[in-house]
């Protein structure tokens, strides 16, 4: 992406004093539970959380490692609640990755402001919160194992400062456009929140079976992918040759079937919470090709 001349967003915070956070205690046997836990992780922490859990499980050597990790995510182990200090940082203190992230966020603000203005409304931009390993959000604890996520309670996006290095080195997703894809996807969830889509889906999920609820969540995630594509399509100054291919490769790597296979599990569609690799690539590409948010209605179209 061409970001040199892009203006950074001022809508950001930095949380300091991460400390240890919640402990990763717990028993073994996580490998046997993975098929049940992936949907839970996905619906609560997002696709990036699933990807990080899978990678950590493989690094730790299988099910026992996953069980130890999930002890921290599901309440096992000891809990330490460090004092979090949220503050604006001096621009000179920002890292290169943080600057790239803020340039992407600034670009999404300008593109969505245009879209909302064309419909006679104002776009309330989200805030991007950087934290290191452990933080706090309006939705509860923020931990690096969750990956980037959007919290509708405070309308903020939370990103561990080390995530993008892990995405490149551990998840096999290199390049700069995937950074834009990650942030624009979470902005997509913000769009769903401020337009009322997210609330309608949550209400429908409360009345639905687990399988039906997962299917609704898939449509939510695919729409956010499509919205990410809309952003990129409308900011052609940023796009360089190969960017679309980088984004599609990233979408493939975080498809539910890809992640389940990486964890040594047979993909089961009824347990998907974010969509298959093929679906994620298709909806990202649809947004990239149309640049029209109206084309992202995953709730009335076949996936």
Which residues does the label zone of residue 299 cover in the range 160-197, counting backbone N under 15 Å from a point 7 Å along Cα→Cβ? 189-197
Distance (nanometres) between label positions extended 7 Å along Cα→Cβ at residue 270 and residue 7: 5.2
Using a Förster radius of 45 Å, what is the FRET efficiency between residue 99 and residue 278 based on their Cβ-Cβ separation? Nearest 0.05, please. 0.85
Where does each of 252, 189, 274 land when they are ranked from fewest to most other beta-carbon atoms within 10 angstrom? 252, 189, 274
Sketch the reach of a paramagnetic label on residue 290 as a point 7 Å from Cα along Cα-to-Cβ, and name the residues of the range 215-251 whose backbone nitrogen lies under 13 Å away. 223-231
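Every read-out reported here was derived from the displayed coordinates using simple, explicitly stated rules and does not represent laboratory data. Remember, predicted model here, so these are calculated numbers, not experimental data. No Cβ is skipped: glycine too gets one built from the backbone with ideal geometry, and neighbour counts run over all protein chains shown.
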